[in-house]
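Worksheet: the structure to be examined is printed underneath.
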Amino acid sequence: MSNFFNGIAKLRYDPDAEDLAFRHYDPDETVMGKRMEDHLRFAVAYWHSFAWPGGDPFGGQTFDRPWWGETMEGARLKAEIAFEMFDILGVPFFCWHDHDIRPEGDSFAESKRNFDEIIDLFEQKMESSKTRLLWGTANLFSHRRFMSGAATNPDPDVYAWSAATVKNCLDATHRLKGENYVLWGGREGYETLLNTDMGQELDHMGRFLSMVVDYKHKIGFEGQILIEPKPQEPTKHQYDYDVATVFGFLQRFGLEQEVKVNIEQGHAILAGHSFEHELALARELGILGSIDMNRNDYQSGWDTDQFPNNVPEVALAYYEVLKAGGFGRGGTNFDAKLRRQSLDPSDLIAAHAGAMDVCARGLKAAARMLEDDALEAPRRARYAGWDTDAAKKMLASDLETVAARVEADNLNPEPRSGQQEKLENIVNRYV
């Protein structure tokens, strides 16, 4: 054991505790017939928790961590401390990018050796830990070679490098029995159309994803392949803009039965949507896979990746997850980072503990709303007219028949209230 967390004990559920503890998250509490831990399936994001230095667009590193530096010694220490934190929090899952866990080598082969050594260490640590892998992914956006994209890069050699990197990461995810594999197109987009062949780039991205799916089946990986939508930042226009855009892309390449989405709250906001909108649409389209739970600063223009603290927002998000039947192989990954002034190791524990409590409160509120039929009953009442034989017959007819009925029956419908404020009041009673 290291001394990084200064002897912080494993967190317990204790609503009256004065020190670090869970006030609302009780992993064994039953919610709608299932343990809370099994509903929420929490995961720690390796990159923000252990690889992010505390910078922002206007200033660099503020955190001082003992594993800083591009060395294998530092990477091994980082892994040791990561699993210590997993144990303190009692989380069932974690997530990584290859770039988070190993130093960059001078060649592809050296980077792969470094990566494989840390995967070996992860495998050893997981033998004595309850924490499993929710998903792995490849960082195809940080290094300068990806400045013009990965699968959409105009250079075929960068495309090949990217494909080889994804293969390695998918192999490692399979080896560690990961539940999912995520592709985030960090620079799959464009800065200007003046130098961009959009059609070719989209075709290449579709072929890339098809190769990933084919390889998944070849090696027998049983997890989900997920795409994470994001509308902008770092590029001016990202091709995976939102759930609707991703679904259209999947349909174009015949992959809508093979690939689902990992939806992030902050990305939904940047796309001009709410988190629950993206979740509801993914549920209706049958592609809801997993979520990145965080929040944006609504007064800033970039993806601030803060830990969640808004129970009403979280409740509406989990309401959609529960309506979808739960996560399945997905989960709640905290794609969130400390504020750059939160320097202490204990801040990492407190941030996750508070976020887990917020999610627990949101989940319980969502479950009560569903169990009480609080929102579904008025929703059914609003659409009840479509349950009649006449309405069903109309949908099965044609435009002329419908028009003839309007004239024959002298239809003159009056609008009915949507009762939004009443429904908002109902939500407020639960959260």
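The values are calculated or read from the model by the stated rules, or taken from the named source; none is laboratory data. All values reported here derive from a predicted model rather than from experimental measurement. Note that we place each Cβ from the backbone using ideal geometry, even for glycine, and neighbour counts take in every protein chain shown. To get the accessible areas, we keep the full protein, side chains included, count just its heavy atoms, and leave off ligands, DNA and RNA. Shrake-Rupley method; radii C 1.70, N 1.55, O 1.52, S 1.80 Å.
Quick rundown of the values:
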| item | result |
| --- | --- |
| Residues of region 6-15 classified as buried (at least 17 other Cβ atoms within 10 Å of the Cβ) and farther than 18 Å from residue 362 by Cα, total | 2 |
| Filter result for residue 327 (at pLDDT 95 or above, open to solvent by less than 10 Å² (accessible area, probe 1.4 Å) and not charged (D, E, K, R)) | no |
| Flag if residue 121 is in contact with a Lys or Arg (Cβ under 9 Å, 6 or more places away or on another chain), surrounded by 15 or more Cβ atoms within 10 Å (Cβ to Cβ) and either small (Gly, Ala, Ser) or touching a residue at least 60 places away in the same chain (Cβ under 8 Å) (or both) | no |
| All positions within region 355-393 that are in a helix (DSSP H, G or I), surrounded by 15 or more Cβ atoms within 10 Å (Cβ to Cβ) and of a type in the set (A, V, I, L, M) | 355, 356, 358, 360, 363, 365, 366, 367, 369, 370 |
| Candidates 344, 357 - the one that is of a type in the set (Asp, Glu) and free of Cβ contacts under 8 Å to residues at least 24 places away in the same chain | 344 |
| Flag if residue 110 is over 30 Å from residue 353 (Cβ atoms), touching a residue at least 40 places away in the same chain (Cβ under 8 Å) and open to solvent by 20 Å² or more (accessible area, probe 1.4 Å) | no |
| Test: residue in region 124-135 that is open to solvent by 30 Å² or more (accessible area, probe 1.4 Å), without any contact (Cβ under 8 Å) to a residue 60 or more places away in the chain and small (Gly, Ala, Ser) | yes |
| Verdict on residue 167 being among the basic types (Lys, Arg), at pLDDT 95 or above and part of a loop (DSSP other than H, G, I, E, B) | no |
| Some residue of region 338-349 being at pLDDT 95 or above, farther than 22 Å from residue 134 by Cβ, of a type in the set (Gly, Ala, Ser) and in contact with a Leu (Cβ under 9 Å, 6 or more places away or on another chain) | yes |
| Filter result (surrounded by 12 or more Cβ atoms within 10 Å (Cβ to Cβ), assigned to a loop (DSSP other than H, G, I, E, B) and over 22 Å from the mean Cα position of the chain (by Cα)) within region 16-48 | 17, 20, 21, 23, 24, 26, 29, 32 |
| Which listed residue is over 25 Å from residue 63 (Cβ atoms) and among the acidic types (Asp, Glu), from 347, 387 | 387 |
| Test: residue 268 is more than 24 Å from residue 160 (Cα to Cα) and open to solvent by less than 10 Å² (accessible area, probe 1.4 Å) | yes |
| Subset tally (residues that are in contact (Cβ under 8 Å) with a residue 24 or more places away in the chain, open to solvent by 40 Å² or more (accessible area, probe 1.4 Å) and of a type in the set (S, T, N, Q)) for region 49-96 | 2 |
| In region 175-195, residue farthest from residue 93 (Cα to Cα) [restricted to those that are over 18 Å from the mean Cα position of the chain (by Cα) and open to solvent by 30 Å² or more (accessible area, probe 1.4 Å)] | 194 |
| Answer residue from region 330-350, given it is open to solvent by 20 Å² or more (accessible area, probe 1.4 Å) and among the small types (Gly, Ala, Ser) and is nearest to residue 372 (Cα to Cα) among those | 350 |
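For every residue, the table says whether it meets (1) aliphatic (A, V, I, L, M); (2) within 29 Å of residue 331 (Cβ to Cβ).
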{"site": "47", "(1), (2)": "no, yes"}
{"site": "81", "(1), (2)": "yes, yes"}
{"site": "96", "(1), (2)": "no, yes"}
{"site": "108", "(1), (2)": "no, no"}
